[in-house]
Amino acid sequence: MLKGGGFLQGVIEGFLRDSGLEEKKQWHLWLDGHWGGYGKTNEQLHQFILSIEKDYALPLDPIYTGKLVWRVLEGIKRDEIPAGSRVLIIHSGGLQGCRGFPQYYK
């Protein structure tokens, strides 16, 4: 969830090429899921994160994983991810980012 992260396209392509996976896996780099940049949040994002935790018992943080899950679900809503696709989201931690927003996260 990096603003200005377009440079990563070539980096990722290089990793896939070097690993021999270039032609085997479909992937896409979305550049619009940063919510204004690193550490930027708003009420809508916090409410989304709280709803995911309530509905699925899945804690997310507002810096990384909340933005990631939001963008993947937006991709599904926008039909950018075709029905029947298998999607892997790796929850990389980062829950300490919630400490900066005690009014939302306990």
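The values are calculated or read from the model by the stated rules, or taken from the named source; none is laboratory data. Worth saying up front: this structure is predicted, and the values here are computed from it rather than measured. In this analysis, Cβ positions are derived from the backbone assuming ideal geometry, glycine residues included, and neighbour counts consider all displayed protein chains.
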Return the total of residues in the stretch 46-57 being closer than 12 Å to His91 by Cβ and touching a residue at least 12 places away in the same chain (Cβ under 8 Å).
1
Pick from the stretch 72-88 the residues that are farther than 12 Å from Gln26 by Cβ and surrounded by 12 or more Cβ atoms within 10 Å (Cβ to Cβ): which of them is nearest to the chain's Cα centre (by Cα)?
Val72
Do we find a residue being of a type outside the set (A, V, I, L, M), within 29 Å of Glu13 (Cβ to Cβ), modelled with pLDDT of 95 or more and touching a helix residue (DSSP H, G or I) at 6+ places or on another chain (Cβ under 8 Å) anywhere in the stretch 72-92?
no
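Here is a yes/no grid of residues against (1) surrounded by 14 or more Cβ atoms within 10 Å (Cβ to Cβ); (2) in contact (Cβ under 8 Å) with a residue 24 or more places away in the chain; (3) not in a helix (DSSP H, G or I):
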site	(1), (2), (3)
Phe7	no, no, no
Leu16	yes, no, no
Gln44	no, no, no
Ile63	yes, yes, yes
Gly97	yes, yes, no
Pro102	no, no, yes
Matching residues in the stretch 49-59 (over 16 Å from Gln103 (Cβ atoms) and touching a helix residue (DSSP H, G or I) at 6+ places or on another chain (Cβ under 8 Å)) number 3
